[in-house]
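Colleague: Starting off with a structure, shown below.
The values are calculated or read from the model by the stated rules, or taken from the named source; none is laboratory data. Here the structure is a predicted model, which is why all the values come from computation and not from measurement. Cβ atoms come from the backbone with ideal geometry, glycine included; neighbour counts cover every protein chain shown.
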Amino acid sequence: MMTALALCALGAEKIVSNELKKLALPVVDTGFGRVRFKADLIGLYTALMSLRVADRVLLEMACFSAEDFDALFEGVRSVPWETFIPRGMGLTVAKVRTSRSRLQGVTSLQGVVHKAAADRLCKAYQSARLPEHGPTAELRVYIEKDQVSVLLDLSGDPLFKRGYRSEGGIAPLRETTAAAILLLAQWRRKFPLYDPFCGSGTIVIEAAMYAWDMAPGLGRRFALAQLLLGDEATERTVREGLLKKVDFSRTIRIYGSDADVRAVSLAQSNMERAYELARGKTPGRGVRQPARLPWLPEFRVIPMQETNAPIIAGGAQGSPTGFIITNPPYGKRLGEIESAETNYRDMEVLTRRFPGWKLALITDHPGFESFFGKKADSCKEVTNGAIRSYCYQYDCL
(Lines give C-alpha, C1' and ligand atoms only; values in the text may rest on other atoms or scores of the structure.)
Protein backbone atom coordinates (compact mmCIF):
# COMPACT_ATOMS: atom_id res chain seq x y z
CA MET A 1 0.00 0.00 0.00
CA MET A 2 1.20 3.50 -0.85
CA THR A 3 0.43 6.80 0.86
CA ALA A 4 -1.27 9.47 -1.21
CA LEU A 5 -2.79 12.91 -0.71
CA ALA A 6 -6.02 14.22 -2.17
CA LEU A 7 -5.87 18.01 -2.43
CA CYS A 8 -9.13 19.94 -2.20
CA ALA A 9 -10.61 23.35 -1.52
CA LEU A 10 -10.51 24.61 2.05
CA GLY A 11 -13.75 23.56 3.68
CA ALA A 12 -14.16 20.43 1.55
CA GLU A 13 -11.86 18.11 3.51
CA LYS A 14 -14.65 16.18 5.22
CA ILE A 15 -16.44 15.59 1.91
CA VAL A 16 -13.27 14.18 0.29
CA SER A 17 -12.65 12.02 3.36
CA ASN A 18 -16.15 10.56 3.05
CA GLU A 19 -15.64 9.97 -0.67
CA LEU A 20 -12.43 8.03 -0.01
CA LYS A 21 -14.12 5.90 2.64
CA LYS A 22 -16.93 5.02 0.20
CA LEU A 23 -14.24 3.93 -2.27
CA ALA A 24 -12.79 1.66 0.47
CA LEU A 25 -9.57 3.71 0.54
CA PRO A 26 -8.39 4.07 4.18
CA VAL A 27 -8.05 7.67 5.37
CA VAL A 28 -4.92 8.33 7.43
CA ASP A 29 -5.47 11.95 8.45
CA THR A 30 -6.74 15.31 7.22
CA GLY A 31 -5.19 18.77 7.08
CA PHE A 32 -6.05 22.14 5.59
CA GLY A 33 -7.02 21.44 1.99
CA ARG A 34 -5.74 17.87 1.92
CA VAL A 35 -6.63 14.33 2.96
CA ARG A 36 -3.99 11.62 3.31
CA PHE A 37 -5.01 8.06 2.43
CA LYS A 38 -3.65 4.59 1.61
CA ALA A 39 -4.02 2.92 -1.78
CA ASP A 40 -2.53 0.32 -4.08
CA LEU A 41 -2.24 1.02 -7.82
CA ILE A 42 -5.88 0.10 -8.43
CA GLY A 43 -6.85 2.43 -5.60
CA LEU A 44 -4.83 5.29 -7.08
CA TYR A 45 -6.56 4.94 -10.45
CA THR A 46 -9.92 4.64 -8.71
CA ALA A 47 -9.29 7.83 -6.73
CA LEU A 48 -8.17 9.75 -9.82
CA MET A 49 -11.27 8.76 -11.77
CA SER A 50 -13.87 8.73 -8.98
CA LEU A 51 -13.23 11.63 -6.60
CA ARG A 52 -15.73 14.41 -7.32
CA VAL A 53 -14.40 17.10 -5.00
CA ALA A 54 -10.61 16.59 -4.96
CA ASP A 55 -8.46 18.87 -7.14
CA ARG A 56 -5.42 16.61 -7.35
CA VAL A 57 -4.06 13.25 -6.19
CA LEU A 58 -0.40 13.18 -5.17
CA LEU A 59 1.83 10.27 -4.22
CA GLU A 60 3.84 10.79 -1.03
CA MET A 61 7.41 9.89 -1.96
CA ALA A 62 9.04 10.66 1.38
CA CYS A 63 8.35 12.14 4.79
CA PHE A 64 11.30 13.20 6.94
CA SER A 65 12.56 15.82 9.37
CA ALA A 66 14.73 18.68 8.05
CA GLU A 67 15.85 21.76 9.95
CA ASP A 68 18.36 22.98 7.35
CA PHE A 69 18.98 22.83 3.60
CA ASP A 70 21.56 20.02 3.89
CA ALA A 71 19.04 17.74 5.57
CA LEU A 72 16.45 18.68 2.96
CA PHE A 73 18.85 17.88 0.12
CA GLU A 74 19.81 14.49 1.54
CA GLY A 75 16.22 13.58 2.30
CA VAL A 76 15.07 14.30 -1.25
CA ARG A 77 18.11 12.61 -2.83
CA SER A 78 17.43 9.43 -0.84
CA VAL A 79 14.13 8.91 -2.68
CA PRO A 80 14.41 6.23 -5.43
CA TRP A 81 13.21 8.61 -8.14
CA GLU A 82 14.48 6.32 -10.89
CA THR A 83 11.80 3.76 -10.00
CA PHE A 84 9.05 6.31 -10.69
CA ILE A 85 10.35 8.83 -13.25
CA PRO A 86 11.41 7.33 -16.60
CA ARG A 87 14.50 8.19 -18.59
CA GLY A 88 13.93 11.23 -20.80
CA MET A 89 11.40 12.92 -18.51
CA GLY A 90 12.05 16.35 -17.06
CA LEU A 91 11.32 17.52 -13.52
CA THR A 92 9.73 20.61 -12.00
CA VAL A 93 9.00 21.63 -8.42
CA ALA A 94 5.61 23.22 -8.88
CA LYS A 95 4.86 24.31 -5.33
CA VAL A 96 6.52 24.60 -1.95
CA ARG A 97 4.59 25.49 1.18
CA THR A 98 6.20 25.94 4.57
CA SER A 99 4.60 26.61 7.94
CA ARG A 100 6.10 26.96 11.41
CA SER A 101 9.45 25.63 10.18
CA ARG A 102 13.05 26.76 10.15
CA LEU A 103 13.30 26.29 6.40
CA GLN A 104 11.95 29.33 4.54
CA GLY A 105 12.22 30.92 1.09
CA VAL A 106 10.15 29.34 -1.68
CA THR A 107 12.68 29.91 -4.47
CA SER A 108 15.58 28.50 -2.44
CA LEU A 109 13.55 25.49 -1.35
CA GLN A 110 12.47 24.77 -4.93
CA GLY A 111 16.09 24.95 -6.07
CA VAL A 112 17.37 22.55 -3.41
CA VAL A 113 14.60 20.00 -4.00
CA HIS A 114 15.07 20.09 -7.76
CA LYS A 115 18.84 19.78 -7.49
CA ALA A 116 18.61 16.80 -5.12
CA ALA A 117 16.08 14.86 -7.23
CA ALA A 118 17.89 15.72 -10.47
CA ASP A 119 21.22 14.61 -8.97
CA ARG A 120 19.75 11.19 -8.16
CA LEU A 121 18.12 10.79 -11.58
CA CYS A 122 21.18 11.91 -13.54
CA LYS A 123 23.39 9.41 -11.73
CA ALA A 124 20.84 6.62 -12.23
CA TYR A 125 20.49 7.35 -15.95
CA GLN A 126 24.14 8.37 -16.45
CA SER A 127 23.19 11.71 -17.97
CA ALA A 128 24.63 15.18 -17.47
CA ARG A 129 21.26 16.88 -17.01
CA LEU A 130 17.54 16.31 -17.17
CA PRO A 131 15.60 17.19 -20.34
CA GLU A 132 14.28 20.75 -20.45
CA HIS A 133 11.53 19.99 -22.97
CA GLY A 134 8.92 17.28 -23.36
CA PRO A 135 7.05 15.38 -20.62
CA THR A 136 7.73 16.61 -17.10
CA ALA A 137 7.14 15.10 -13.66
CA GLU A 138 5.74 17.58 -11.16
CA LEU A 139 6.77 17.64 -7.50
CA ARG A 140 5.23 19.44 -4.54
CA VAL A 141 6.76 19.93 -1.12
CA TYR A 142 4.99 20.69 2.15
CA ILE A 143 7.00 21.56 5.24
CA GLU A 144 5.23 21.86 8.57
CA LYS A 145 6.96 22.01 11.96
CA ASP A 146 10.20 20.95 10.22
CA GLN A 147 8.53 17.80 8.81
CA VAL A 148 8.98 17.54 5.06
CA SER A 149 6.50 15.79 2.78
CA VAL A 150 7.70 15.29 -0.80
CA LEU A 151 4.93 14.54 -3.28
CA LEU A 152 4.70 13.44 -6.91
CA ASP A 153 1.67 14.62 -8.89
CA LEU A 154 -0.40 11.82 -10.42
CA SER A 155 -3.13 14.01 -11.91
CA GLY A 156 -1.58 16.15 -14.62
CA ASP A 157 -4.36 18.61 -15.39
CA PRO A 158 -6.35 19.42 -12.22
CA LEU A 159 -9.22 17.02 -11.60
CA PHE A 160 -11.89 19.68 -12.09
CA LYS A 161 -11.14 19.38 -15.81
CA ARG A 162 -13.62 16.60 -16.48
CA GLY A 163 -13.59 16.94 -20.26
CA TYR A 164 -17.19 18.01 -20.85
CA ARG A 165 -16.77 21.77 -20.78
CA SER A 166 -16.46 23.05 -24.34
CA GLU A 167 -15.92 26.55 -23.00
CA GLY A 168 -16.34 27.96 -19.55
CA GLY A 169 -18.58 30.95 -20.03
CA ILE A 170 -17.89 34.29 -18.37
CA ALA A 171 -17.34 33.19 -14.78
CA PRO A 172 -17.35 29.40 -14.55
CA LEU A 173 -17.87 27.59 -11.29
CA ARG A 174 -15.26 24.89 -10.84
CA GLU A 175 -16.66 21.41 -11.35
CA THR A 176 -15.16 20.23 -8.05
CA THR A 177 -16.76 23.16 -6.22
CA ALA A 178 -20.14 22.41 -7.79
CA ALA A 179 -19.83 18.79 -6.67
CA ALA A 180 -18.90 19.96 -3.15
CA ILE A 181 -22.03 22.12 -2.93
CA LEU A 182 -24.21 19.19 -4.05
CA LEU A 183 -22.72 16.95 -1.39
CA LEU A 184 -22.83 19.64 1.31
CA ALA A 185 -26.52 20.15 0.54
CA GLN A 186 -27.07 16.37 0.85
CA TRP A 187 -29.07 16.24 -2.36
CA ARG A 188 -30.27 12.80 -3.42
CA ARG A 189 -31.40 11.81 -6.90
CA LYS A 190 -34.95 10.99 -5.77
CA PHE A 191 -35.54 14.74 -5.23
CA PRO A 192 -36.00 17.36 -7.98
CA LEU A 193 -33.03 19.70 -8.40
CA TYR A 194 -33.16 23.14 -10.03
CA ASP A 195 -30.51 25.77 -10.78
CA PRO A 196 -32.07 29.14 -11.75
CA PHE A 197 -28.65 30.65 -12.63
CA CYS A 198 -27.33 27.65 -14.56
CA GLY A 199 -24.76 29.55 -16.65
CA SER A 200 -22.70 26.92 -18.52
CA GLY A 201 -24.53 24.16 -16.63
CA THR A 202 -21.88 22.98 -14.19
CA ILE A 203 -24.15 22.29 -11.18
CA VAL A 204 -26.79 20.56 -13.31
CA ILE A 205 -24.20 18.42 -15.10
CA GLU A 206 -22.41 17.45 -11.88
CA ALA A 207 -25.79 16.48 -10.41
CA ALA A 208 -26.59 14.32 -13.45
CA MET A 209 -23.21 12.59 -13.24
CA TYR A 210 -23.81 11.91 -9.55
CA ALA A 211 -27.31 10.57 -10.26
CA TRP A 212 -25.98 8.28 -13.00
CA ASP A 213 -23.16 7.00 -10.72
CA MET A 214 -20.75 8.28 -13.34
CA ALA A 215 -17.17 8.63 -12.18
CA PRO A 216 -16.16 12.21 -13.15
CA GLY A 217 -12.74 11.22 -14.50
CA LEU A 218 -13.99 8.56 -16.93
CA GLY A 219 -13.19 10.57 -20.02
CA ARG A 220 -9.69 11.85 -19.30
CA ARG A 221 -6.09 10.75 -18.81
CA PHE A 222 -3.69 11.35 -15.95
CA ALA A 223 -0.01 12.03 -15.37
CA LEU A 224 0.25 8.61 -13.71
CA ALA A 225 0.17 7.03 -17.18
CA GLN A 226 3.56 8.59 -18.04
CA LEU A 227 5.27 7.43 -14.85
CA LEU A 228 6.93 4.04 -14.36
CA LEU A 229 4.28 3.26 -11.74
CA GLY A 230 1.54 3.55 -14.34
CA ASP A 231 0.07 0.43 -15.90
CA GLU A 232 -2.17 0.56 -18.97
CA ALA A 233 -3.93 -2.73 -18.21
CA THR A 234 -4.77 -1.67 -14.66
CA GLU A 235 -6.02 1.71 -15.85
CA ARG A 236 -8.21 0.05 -18.48
CA THR A 237 -9.64 -2.43 -15.96
CA VAL A 238 -10.55 0.32 -13.50
CA ARG A 239 -12.05 2.52 -16.23
CA GLU A 240 -14.14 -0.32 -17.65
CA GLY A 241 -15.35 -1.28 -14.19
CA LEU A 242 -16.47 2.27 -13.45
CA LEU A 243 -18.11 2.58 -16.87
CA LYS A 244 -20.25 -0.48 -16.13
CA LYS A 245 -21.59 1.22 -13.01
CA VAL A 246 -23.10 4.11 -14.99
CA ASP A 247 -26.89 3.69 -14.80
CA PHE A 248 -29.18 5.61 -17.16
CA SER A 249 -32.28 3.69 -16.10
CA ARG A 250 -33.11 6.03 -13.23
CA THR A 251 -35.68 8.74 -13.76
CA ILE A 252 -34.10 11.99 -12.58
CA ARG A 253 -35.65 15.44 -12.33
CA ILE A 254 -32.80 17.91 -12.82
CA TYR A 255 -33.39 21.31 -14.40
CA GLY A 256 -31.44 24.44 -15.18
CA SER A 257 -32.42 27.84 -16.51
CA ASP A 258 -30.83 31.19 -17.22
CA ALA A 259 -31.89 34.53 -18.64
CA ASP A 260 -28.99 34.36 -21.13
CA VAL A 261 -29.85 32.45 -24.32
CA ARG A 262 -26.19 31.83 -25.09
CA ALA A 263 -25.55 30.43 -21.60
CA VAL A 264 -28.41 27.95 -21.97
CA SER A 265 -27.11 26.84 -25.37
CA LEU A 266 -23.64 26.38 -23.89
CA ALA A 267 -25.05 24.42 -20.96
CA GLN A 268 -26.90 22.12 -23.34
CA SER A 269 -23.74 21.56 -25.37
CA ASN A 270 -21.75 20.74 -22.23
CA MET A 271 -24.50 18.36 -21.10
CA GLU A 272 -24.30 16.52 -24.41
CA ARG A 273 -20.55 16.13 -24.00
CA ALA A 274 -20.98 14.78 -20.47
CA TYR A 275 -23.55 12.30 -21.78
CA GLU A 276 -21.06 11.05 -24.37
CA LEU A 277 -18.37 10.64 -21.71
CA ALA A 278 -20.80 8.68 -19.54
CA ARG A 279 -21.28 6.29 -22.46
CA GLY A 280 -17.53 5.85 -22.83
CA LYS A 281 -17.40 7.93 -26.01
CA THR A 282 -15.11 10.79 -26.97
CA PRO A 283 -17.09 14.04 -27.29
CA GLY A 284 -16.74 15.81 -30.60
CA ARG A 285 -18.37 18.36 -32.81
CA GLY A 286 -21.74 17.43 -34.15
CA VAL A 287 -22.74 15.38 -31.09
CA ARG A 288 -26.42 16.00 -30.59
CA GLN A 289 -28.71 15.08 -27.75
CA PRO A 290 -30.88 12.07 -28.54
CA ALA A 291 -34.67 12.10 -28.30
CA ARG A 292 -36.09 13.32 -24.98
CA LEU A 293 -35.50 10.63 -22.36
CA PRO A 294 -36.48 10.66 -18.66
CA TRP A 295 -32.88 10.68 -17.43
CA LEU A 296 -31.62 13.74 -19.34
CA PRO A 297 -31.57 17.11 -17.54
CA GLU A 298 -33.49 19.96 -19.12
CA PHE A 299 -32.35 23.54 -19.74
CA ARG A 300 -34.63 26.48 -20.47
CA VAL A 301 -34.31 30.23 -21.05
CA ILE A 302 -36.14 31.80 -18.08
CA PRO A 303 -35.17 34.85 -16.00
CA MET A 304 -34.94 33.89 -12.35
CA GLN A 305 -37.66 36.43 -11.42
CA GLU A 306 -40.17 34.61 -13.65
CA THR A 307 -39.53 31.05 -12.60
CA ASN A 308 -41.67 28.73 -10.50
CA ALA A 309 -41.99 25.00 -9.97
CA PRO A 310 -44.82 24.39 -12.50
CA ILE A 311 -42.91 26.27 -15.23
CA ILE A 312 -39.72 24.33 -14.57
CA ALA A 313 -41.27 20.88 -14.70
CA GLY A 314 -44.72 19.50 -14.36
CA GLY A 315 -43.19 16.41 -12.77
CA ALA A 316 -41.78 18.52 -9.96
CA GLN A 317 -44.97 20.49 -9.43
CA GLY A 318 -46.53 17.99 -7.08
CA SER A 319 -43.33 17.35 -5.13
CA PRO A 320 -43.55 18.41 -1.49
CA THR A 321 -39.90 19.32 -1.58
CA GLY A 322 -36.95 19.68 -3.89
CA PHE A 323 -33.54 21.36 -3.98
CA ILE A 324 -32.57 24.69 -5.50
CA ILE A 325 -28.78 24.60 -5.80
CA THR A 326 -27.21 27.55 -7.55
CA ASN A 327 -24.31 29.92 -8.06
CA PRO A 328 -25.77 33.42 -8.49
CA PRO A 329 -23.59 35.97 -10.33
CA TYR A 330 -20.67 37.39 -8.35
CA GLY A 331 -20.52 41.18 -8.26
CA LYS A 332 -16.72 41.24 -8.27
CA ARG A 333 -16.49 39.23 -11.44
CA LEU A 334 -19.48 40.05 -13.58
CA GLY A 335 -20.09 43.72 -12.97
CA GLU A 336 -20.99 46.08 -10.20
CA ILE A 337 -21.51 44.72 -6.69
CA GLU A 338 -24.82 46.57 -6.61
CA SER A 339 -26.07 44.48 -9.53
CA ALA A 340 -25.27 41.26 -7.71
CA GLU A 341 -26.96 42.52 -4.57
CA THR A 342 -30.07 43.32 -6.60
CA ASN A 343 -30.06 39.72 -7.78
CA TYR A 344 -29.90 38.57 -4.16
CA ARG A 345 -32.92 40.71 -3.28
CA ASP A 346 -34.82 39.38 -6.30
CA MET A 347 -34.15 35.81 -5.16
CA GLU A 348 -36.76 36.39 -2.44
CA VAL A 349 -39.28 35.32 -5.09
CA LEU A 350 -38.02 31.76 -4.66
CA THR A 351 -39.43 31.63 -1.14
CA ARG A 352 -42.94 32.17 -2.58
CA ARG A 353 -42.63 30.17 -5.78
CA PHE A 354 -40.91 27.09 -4.29
CA PRO A 355 -42.47 26.64 -0.83
CA GLY A 356 -41.05 23.71 1.09
CA TRP A 357 -37.97 23.40 -1.14
CA LYS A 358 -34.42 23.52 0.19
CA LEU A 359 -31.91 26.09 -1.03
CA ALA A 360 -28.13 25.88 -1.22
CA LEU A 361 -26.04 28.50 -2.96
CA ILE A 362 -22.45 29.61 -3.21
CA THR A 363 -21.40 33.27 -3.38
CA ASP A 364 -18.40 35.36 -2.46
CA HIS A 365 -20.65 37.89 -0.69
CA PRO A 366 -20.50 37.49 3.13
CA GLY A 367 -23.64 39.64 3.52
CA PHE A 368 -25.94 37.63 1.25
CA GLU A 369 -28.49 36.95 4.00
CA SER A 370 -29.22 40.63 4.59
CA PHE A 371 -30.17 41.13 0.92
CA PHE A 372 -32.07 37.86 0.59
CA GLY A 373 -34.03 38.74 3.71
CA LYS A 374 -33.71 35.40 5.46
CA LYS A 375 -31.04 33.97 7.74
CA ALA A 376 -29.50 30.73 6.54
CA ASP A 377 -29.78 27.57 8.58
CA SER A 378 -26.07 27.01 8.02
CA CYS A 379 -23.15 28.72 6.31
CA LYS A 380 -19.86 27.05 5.42
CA GLU A 381 -16.80 28.74 3.98
CA VAL A 382 -15.61 27.07 0.76
CA THR A 383 -13.05 28.25 -1.78
CA ASN A 384 -13.90 28.31 -5.49
CA GLY A 385 -10.49 28.37 -7.08
CA ALA A 386 -8.80 31.38 -5.50
CA ILE A 387 -12.12 33.00 -4.52
CA ARG A 388 -13.12 32.88 -0.87
CA SER A 389 -16.78 31.91 -0.97
CA TYR A 390 -19.65 30.91 1.29
CA CYS A 391 -22.17 28.11 0.97
CA TYR A 392 -25.50 29.22 2.44
CA GLN A 393 -28.07 26.51 3.14
CA TYR A 394 -31.78 26.88 3.87
CA ASP A 395 -33.60 23.78 5.07
CA CYS A 396 -36.98 25.10 3.96
CA LEU A 397 -37.91 28.15 1.88
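Colleague: If a residue has to be farther than 15 Å from residue 363 by Cα, touching a helix residue (DSSP H, G or I) at 6+ places or on another chain (Cβ under 6 Å) and either at pLDDT 95 or above or hydrophobic (A, V, I, L, M, F, W, C) (or both) to count, how many in segment 180-193 make the cut? Can you show your working first?
Modeller: Step one: of segment 180-193, the residues farther than 15 Å from residue 363 by Cα are 183, 186-193.
In the following step, the residues that additionally are touching a helix residue (DSSP H, G or I) at 6+ places or on another chain (Cβ under 6 Å) were identified as 183, 189, 192-193.
From the residues that got through so far, the ones that are either at pLDDT 95 or above or hydrophobic (A, V, I, L, M, F, W, C) (or both) too are 183, 193.
Residues that pass the stated criteria total 2.
Colleague: Any residue in segment 325-344 that is under 15 Å from residue 181 (Cα atoms) and in contact with a Lys or Arg (Cβ under 9 Å, 6 or more places away or on another chain)? Steps first, answer last, please.
Modeller: Going residue by residue through segment 325-344, those that are under 15 Å from residue 181 (Cα atoms) are 325-328.
If we keep only those that are in contact with a Lys or Arg (Cβ under 9 Å, 6 or more places away or on another chain) as well, we get 325.
Scanning segment 325-344, I find at least one residue that is under 15 Å from residue 181 (Cα atoms) and in contact with a Lys or Arg (Cβ under 9 Å, 6 or more places away or on another chain), so the answer is yes.
Yes or no, residue by residue, for (1) under 21 Å from the mean Cα position of the chain (by Cα); (2) aliphatic (A, V, I, L, M); (3) in a helix (DSSP H, G or I):
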residue	(1), (2), (3)
10	yes, yes, no
17	yes, no, yes
30	yes, no, no
37	yes, no, no
44	yes, yes, yes
70	no, no, yes
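Colleague: A further question on this structure: When segment 225-252 is examined, which residues are found to be of a type in the set (A, V, I, L, M) and in contact with a helix residue (DSSP H, G or I) (Cβ under 9 Å, 6 or more places away or on another chain)? So that I can check it myself, show each step before the final result.
Modeller: Our first condition is that a residue be of a type in the set (A, V, I, L, M); within segment 225-252, this holds for 225, 227-229, 233, 238, 242-243, 246, 252.
Those that are of a type in the set (A, V, I, L, M) and in contact with a helix residue (DSSP H, G or I) (Cβ under 9 Å, 6 or more places away or on another chain): 225, 228, 229, 238, 242, 243, 246, 252.
Colleague: Ok, one more. Among the residues of segment 72-80, is any in contact with a helix residue (DSSP H, G or I) (Cβ under 7 Å, 6 or more places away or on another chain) and of a type in the set (Gly, Ala, Ser)?
Modeller: Within segment 72-80, not a single residue is in contact with a helix residue (DSSP H, G or I) (Cβ under 7 Å, 6 or more places away or on another chain) and of a type in the set (Gly, Ala, Ser).
Colleague: Moving on. Scan segment 147-157 and give yes if some residue there is hydrophobic (A, V, I, L, M, F, W, C), in contact with a Lys or Arg (Cβ under 6 Å, 6 or more places away or on another chain) and crowded, with 23+ Cβ neighbours inside 10 Å, otherwise no. Spell out the reasoning first.
Modeller: Pass one, segment 147-157, residues hydrophobic (A, V, I, L, M, F, W, C): 148, 150-152, 154.
Remaining after also requiring in contact with a Lys or Arg (Cβ under 6 Å, 6 or more places away or on another chain): 151.
Filter again for crowded, with 23+ Cβ neighbours inside 10 Å, leaving 151.
Yes: segment 147-157 contains one or more residues that are hydrophobic (A, V, I, L, M, F, W, C), in contact with a Lys or Arg (Cβ under 6 Å, 6 or more places away or on another chain) and crowded, with 23+ Cβ neighbours inside 10 Å.
Colleague: State all residues of segment 88-129 that are basic (Lys, Arg) and over 22 Å from residue 7 (Cα atoms); if no residue qualifies, say none.
Modeller: Of everything in segment 88-129, those that are basic (Lys, Arg) and over 22 Å from residue 7 (Cα atoms) turn out to be 102, 115, 120, 123, 129.
Colleague: Could you tell me whether any residue of segment 163-170 is outside the structural domain of residue 138 (by TED's automatic domain parsing), of a type in the set (S, T, N, Q), out of contact with any Asp or Glu (no Cβ under 8 Å at 6 or more places or on another chain) and at pLDDT below 95? Working first, answer last.
Modeller: Of segment 163-170, the ones outside the structural domain of residue 138 (by TED's automatic domain parsing) are 163-170.
Cutting the leftovers down to of a type in the set (S, T, N, Q) gives us 166.
Subsequent filtering for residues that are out of contact with any Asp or Glu (no Cβ under 8 Å at 6 or more places or on another chain) retains 166.
From the residues that got through so far, the ones that are at pLDDT below 95 too are 166.
Within segment 163-170 (the criterion being outside the structural domain of residue 138 (by TED's automatic domain parsing), of a type in the set (S, T, N, Q), out of contact with any Asp or Glu (no Cβ under 8 Å at 6 or more places or on another chain) and at pLDDT below 95), the answer is yes, since at least one residue qualifies.
Colleague: Any residue that is in a strand (DSSP E or B) and either in the same structural domain as residue 85 (by TED's automatic domain parsing) or more than 16 Å from the chain's Cα centre (by Cα) (or both) - is there at least one of those in segment 124-137?
Modeller: Looking through segment 124-137, at least one residue is in a strand (DSSP E or B) and either in the same structural domain as residue 85 (by TED's automatic domain parsing) or more than 16 Å from the chain's Cα centre (by Cα) (or both).
Colleague: Let me ask another. If you scan segment 7-46, which residues turn out to be over 17 Å from residue 184 (Cβ atoms) and of a type in the set (A, V, I, L, M)? Full working, then the answer.
Modeller: At the first step, the residues of segment 7-46 found to be over 17 Å from residue 184 (Cβ atoms) are 7, 23-29, 31-32, 34, 36-46.
Correct list: 7, 23, 24, 25, 27, 28, 39, 41, 42, 44.
Colleague: Test each condition in (1) buried (at least 24 other Cβ atoms within 10 Å of the Cβ); (2) touching a helix residue (DSSP H, G or I) at 6+ places or on another chain (Cβ under 7 Å); (3) of a type outside the set (Gly, Ala, Ser) for residue 177 and report the one that comes out false.
Modeller: Unmet condition: (2).
Colleague: Determine which member of the set 67, 19, 74 is buried (at least 17 other Cβ atoms within 10 Å of the Cβ) and among the charged types (D, E, K, R).
Modeller: Numbers: 67 fails: buried (at least 17 other Cβ atoms within 10 Å of the Cβ); 74 fails: buried (at least 17 other Cβ atoms within 10 Å of the Cβ).
Just a single option satisfies the conditions, and that option is 19.
Colleague: In the list 94, 117, 179, which residue meets the criterion of being in a helix (DSSP H, G or I) and under 30 Å from residue 205 (Cβ atoms)? Explain how you work it out, then say what you get.
Modeller: Details: 94 fails: in a helix (DSSP H, G or I); 117 fails: under 30 Å from residue 205 (Cβ atoms).
Being in a helix (DSSP H, G or I) and under 30 Å from residue 205 (Cβ atoms) holds for just one of 94, 117, 179, which is 179.
Colleague: Can you tell me how many residues in segment 31-50 are at pLDDT 95 or above and either hydrophobic (A, V, I, L, M, F, W, C) or touching a Ser or Thr at 6+ places or on another chain (Cβ under 9 Å) (or both)?
Modeller: 12
Colleague: While we're looking at this one, here's another question. Since residue 143 meets every condition but one in (1) in a loop (DSSP other than H, G, I, E, B); (2) in contact (Cβ under 8 Å) with a residue 40 or more places away in the chain; (3) aliphatic (A, V, I, L, M), which condition does it not meet?
Modeller: With respect to (1) in a loop (DSSP other than H, G, I, E, B); (2) in contact (Cβ under 8 Å) with a residue 40 or more places away in the chain; (3) aliphatic (A, V, I, L, M), residue 143 is out only on (1).
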